[in-house]
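Following: one structure in structure tokens, then a few remarks.
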Amino acid sequence: MESCRGVRTAVIVGAGVAGLTAATALARGGWQVEIVEIGPPEATAGWGLCLTGPSLRALDGLGLADTCLAEGYGMSTITHVDVGGEPAGEVRPPRLLGARRPAMVGIARPVLHRILRTEAERSGVVVRHGVTVAAVDQEGELVRMRLSDGVVRRVALVVGADGIRSSTRRLLGLGASLDFHGQMVWRALVPRPPWATGIHQFAGKTDTAGLVPLSAGQAYVFLTENGAERSVLPDADLAPRLRRLLEPFPGQVEEIRSLVSASAWVVRRPVRTALLEGAWNRGSGVVIGDAAHAPAPQMASGAALAIEDGLVLAQELERYESVGAGLQAFVRRRAQRCRALVETSVAIIGLEQARRHHEAYPLVDSCHRLMAEPA
């Protein structure tokens, strides 16, 4: 796939949420797009996520919001529960798609990935698996890429959408610190309890737990473990350890704990953040999604930023003849918004660790309202 007169070509590194969204948006704008993804086609990280209002608004711009709503679980409330098991307040994020559609949707990651990949391929995007980028060099207005299989591409645009440990970011010479915040987050796929019609978050004496519906029949339990060291546990130890961590929580968490006993799907990951200082682009290369700005999961909005990035990138490149000028405009438009979300997520971590949960609730509410502003 070489650039030729009249056709703008792009290689996107990473077939996750950011990469697939960007690929579809660019292809619809007339770009010839190839995605290279080191993992196999069936690989998706995690069991589920929440698409908040900004995610749905961006997906609606691609005509995909209603598909996600139909295949996920629509919600409009976040219920906070205190350490005694009593309701401590409710957040109602803005309904950005109008009063007739919910504010957000819980959805299984494999389902979202299938929706995004199907639309990308329908738009003409080529996805190659088992391949990633090995070298990047700017040659005039084009980028010369050497892929891990030895294939060389000369394209107008390179997009690194390869996650928090992005190799594209390193090859472009862009620096970002990865910060670990002394928390490990647990997730387990469970049957959805009938009372779980929105997100529930439970404050604990040490940790924080919650439940997010994914469909009429499924939900995922999460637990944020404070004071944890980064380590890897044997798979057989995960469910029993998560049940023990849920023991101190009263009320509805007792039911959640019993559901974990039957879960065959439990994961444990470190809570890390990343934020690029300065430019996200160099020459005709740019990084998006978690490669540029990875928030902690406390705001459930990492996917929102990634999906917005893909749409806004295509919009700004459409406005400028020069790829470099379009990339600079893209970064100017996105940097402050993404920084605000990452920094807010880190502030919430601090309040959780200090057991000042009541101070976190209004911060969550105000950040959702900030994110409701145009991207």
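If only one of Ser231, Ser215 is at pLDDT 95 or above, farther than 23 Å from Val364 by Cα and in a loop (DSSP other than H, G, I, E, B), which one is it?
Values: Ser231 fails: at pLDDT 95 or above.
Of the residues listed, the single one that is at pLDDT 95 or above, farther than 23 Å from Val364 by Cα and in a loop (DSSP other than H, G, I, E, B) is Ser215.
Quickly run through segment 89-133 and pick out the residues that are out of contact with any helix residue (DSSP H, G or I) (no Cβ under 7 Å at 6 or more places or on another chain), of a type in the set (Gly, Ala, Ser) and surrounded by 15 or more Cβ atoms within 10 Å (Cβ to Cβ). Scanning segment 89-133 gives Gly106, Ala108. Give segment 313-343 a look and list any residue that's part of a helix (DSSP H, G or I), over 23 Å from the mean Cα position of the chain (by Cα) and either free of Cβ contacts under 8 Å to residues at least 40 places away in the same chain or at positive phi (or both), or say none. Answer for segment 313-343, where residues must be part of a helix (DSSP H, G or I), over 23 Å from the mean Cα position of the chain (by Cα) and either free of Cβ contacts under 8 Å to residues at least 40 places away in the same chain or at positive phi (or both): Arg319, Ala325, Gly326. Considering only residues that are farther than 18 Å from Leu96 by Cβ and at pLDDT 95 or above, look in segment 298-319 and name the one that is surrounded by the most Cβ atoms within 10 Å (Cβ to Cβ). In this case the residue turns out to be Leu313.
Looking across Gly163, Gly124, one residue alone is over 28 Å from Phe222 (Cβ atoms) and outside any strand (DSSP E or B). It is Gly124.
Do you know which residues across segment 240-259 are of a type outside the set (Ser, Thr, Tyr) and over 27 Å from Leu351 (Cα atoms)?
Here is the first cut: in segment 240-259, the residues of a type outside the set (Ser, Thr, Tyr) are 240-257, 259.
Those that are of a type outside the set (Ser, Thr, Tyr) and over 27 Å from Leu351 (Cα atoms): Pro240, Leu259.
Cβ-Cβ contacts under 9 Å between residues 6 or more apart (or on different chains), taken from a first residue in segment 115-136 that is without any contact (Cβ under 8 Å) to a residue 24 or more places away in the chain and within 26 Å of Leu64 (Cβ to Cβ) to a second residue that is surrounded by 15 or more Cβ atoms within 10 Å (Cβ to Cβ) and not aliphatic (A, V, I, L, M), are listed as Arg122/Thr24. Within segment 63-83, residues that are within 22 Å of Pro194 (Cβ to Cβ) and among the acidic types (Asp, Glu) have Cβ atoms under 9 Å from residues that are part of a loop (DSSP other than H, G, I, E, B) and modelled with pLDDT of 95 or more in these pairs: Glu71/Ser215, counting only partners at least 6 apart in sequence or on another chain. Within segment 219-254, the set of residues being surrounded by fewer than 18 Cβ atoms within 10 Å (Cβ to Cβ) and either touching a Gly at 6+ places or on another chain (Cβ under 8 Å) or in contact (Cβ under 8 Å) with a residue 60 or more places away in the chain (or both) comprises Gly227, Pro248, Pro250, Gly251. Scanning segment 349-364 for residues being modelled with pLDDT under 95 and under 19 Å from the mean Cα position of the chain (by Cα) gives a total of 1.
The values are calculated or read from the model by the stated rules, or taken from the named source; none is laboratory data. Just so it is clear, the model here is predicted, and its values are computed rather than measured. Ideal geometry is used to build each Cβ from the backbone, glycine not excepted, and the neighbour counts take in all protein chains shown.
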